[in-house]
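J.: Pasting a structure here, questions to come.
All of the numbers you see were taken from the coordinates with simple rules; none came from a lab. Everything quoted here is computed from the prediction, not taken from an experiment. Because the Cβ atoms are built from the backbone with ideal geometry, glycine has one as well, and the counts that use them run over all protein chains shown.
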Amino acid sequence: MVLELHEKLEKLRKERNAVILVHNYCPGEVQDVADYLGDSLGLSRIAAETEADVIVFCGVHFMAEIASILSPGKTVLMPDINAGCPMANMVTPRQLAEFKKLHPGAAVVTYVNSSAVIKALSDICCTSANAVEVVKTIPEEREIIFVPDRNLGSYAAKITGREMILWNGFCPTHERVLPEHVRQIRTVHPDAPFFAHPECRPEVVAMADKVGSTTGIINFCRESLAKEIIVGTEIGLLHRLHKENPGKEFFPASPILDCPNMKLSSLEKLVWCLEDLAPVVRVEPELAALAREPIKKMLEVAGG
Ligand code: 13P
Ligand code: SF4
């Protein structure tokens, strides 16, 4: 059955001239067939540059939207259209438009974990890999509204020393990690370094030896001499970490660090979507033109 699925996938990948982009949190069986496996920033760059006719985005909806915005001529597919990001729904265009009126002149820095309509209302986007660099591009005298992740915003504010107005959004998955979880796992693995994603609560981020995007964490783990490492991000990353680092052991900072949306892709759904060329994610041209500007500005910023 699995062999049959792999054969079908390879045939369809060629026939459709498709590129399969997979986020680091997806199920192992999907990670293993990726053309590119990476973080939000890396995958956005690939989506902007690919020559494939079809982009299959295994991840969540805002990522496929970015691919459609950056590559409007391509067919963008998702294996499961229901894979959303709850954080992206924590800010509505009406709320943001009203908030901007209260802070005229403020720059809106928007985490890519947001809808296209929110991006269209923003000055510049960022990912967890480049939030610090992006914030540094805003002139000192300009007020900053950071949307929607209060935790990433608070991390970027701390590193840059900039005061920012933080939207009250968060990732329900990373929010579950508590300082007591980290203390508990450290008692079992006292020599293990702790590498955390900046979507974690500030009090958890403060306990980390290093903080980075999923690709950042992969690099820290590769470079570390430690044999045991505590990982403060979604547990899907552990598949790749174990595969790329034989001889090292990885432990999630909390056993409940899973994102149900990232688990909606599967090998079977991937084959079906290439067979049917559906479901398609397409951002309307007018909206795409507005949302493209802040994303492009971000891609011009070094970092990540
Ligand atoms: P990164 O891979 O960009 O760090 O993304 C984290 C995330 O939560 C994506 O939804
Ligand atoms: Fe959204 Fe969090 Fe899931 Fe990432 S891990 S897709 S931020 S809910």
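J.: Semi-axes of the range 1-100's equivalent ellipsoid from the Cα gyration tensor, sqrt of 5 times each eigenvalue, largest first, rounded to whole Å?
T.: They are 28, 16, 11 Å, listed from largest to smallest.
J.: With label points built 7 Å along Cα→Cβ from the Cα atoms of L299 and L102, find their separation and express it in nm.
T.: 3.4
J.: Moving to a separate point now. What are the ³J(HN,Hα) values, in whole Hz, obtained from phi via the Karplus relation 6.51 cos²θ - 1.76 cosθ + 1.60 with θ = phi - 60°, for each residue of the range 268-280 in sequence order, with x given for Gly and Pro?
T.: Karplus-based 3J(HN,Hα) across the range 268-280 equals 4, 5, 5, 5, 4, 5, 6, 5, 8, 6, 7, x, 8 Hz.
J.: So what's Rg/Rh here for the range 71-165, counting alpha carbon atoms and using the Kirkwood radius for Rh?
T.: Dividing the radius of gyration by the Kirkwood radius yields 1.00.
J.: Now, a different point. Over all directions, the average projected area of the alpha-carbon convex hull for the range 144-277 comes to how many nm²?
T.: 10.0
J.: In what sequence do R150, R183, R16 fall when counting other Cβ within 10 Å, fewest first?
T.: R183, R16, R150
J.: Could you put Y25, Y111, Y155, Y36 in order, starting from the residue whose Cβ has the fewest other Cβ atoms within 10 Å?
T.: Least to most surrounded, the residues fall as Y36, Y155, Y25, Y111.
J.: To make sure I understand, if each residue's beta carbon is the centre and we count other beta carbons within 10 Å, what order do M63, M207 fall in, fewest to most?
T.: Final ranking by Cβ density, sparse to dense: M207, M63.
J.: Spelling out what I want: for every residue of the range 207-213, take phi, set θ = phi - 60°, compute 6.51 cos²θ - 1.76 cosθ + 1.60 (Karplus), and round to whole Hz; glycine and proline get x.
T.: The phi angles translate into 8, 6, 6, 8, 10, x, 5 Hz.
J.: Further question: Say each of A206 and N168 gets a label point 7 Å from the Cα, pointing the same way as Cα to Cβ; how far apart are those two points in nm?
T.: Result: 2.1 nm between the two label points.
J.: Please tell me the relative contact order of the range 170-304 in percent, rounded to the nearest whole number, where contacts are Cα pairs under 8 Å and at least six residues apart.
T.: 22
J.: Can you give the extra length, in nm with one decimal, that the chain gains between E249 and K14 once fully stretched, where that is 0.36 nm per residue apart less the Cα-Cα distance?
T.: Fully extending the segment from E249 to K14 adds 81.0 nm.
J.: Place a +1 charge on the Cβ of each Lys and Arg in the chain and a -1 charge on the Cβ of each Asp and Glu, then give the dipole magnitude about the Cα centre in debye, rounded to the nearest 20.
T.: Dipole magnitude for the chain comes out near 420 debye.
J.: Determine the principal axes of the Cα atoms in the range 57-121, then give the extent along each, sorted from largest to smallest and rounded to whole angstroms.
T.: Result for the range 57-121: principal-axis Cα extents of 40, 25, 16 Å.
J.: Can you give the calculated 222 nm mean residue ellipticity of the chain, where each DSSP H run of n ≥ 4 adds -39,500 (n - 2.57) and the sum is split over every residue, rounded to the nearest 500 deg cm²/dmol?
T.: So the helix-based figure for the chain works out to -12000 deg cm²/dmol.
J.: Evaluate the Kirkwood expression for the hydrodynamic radius of the chain, namely the inverse of the mean inverse distance over all pairs of different C-alpha atoms, and round to one decimal in Å.
T.: 19.7
J.: Another question, if that's okay. If exposed GluC sites (Glu not before Pro) are those in a DSSP loop with at most 13 other Cβ within 10 Å, what is the longest stretch of the chain that has none?
T.: Longest stretch, sites excluded: 164-304.
J.: Right, next: Starting from the Cα of T187, step 7 Å along the direction of its Cβ; do the same at E49; then give the gap between the two resulting points in nm.
T.: Going by the 7 Å Cα→Cβ label model, 4.8 nm.
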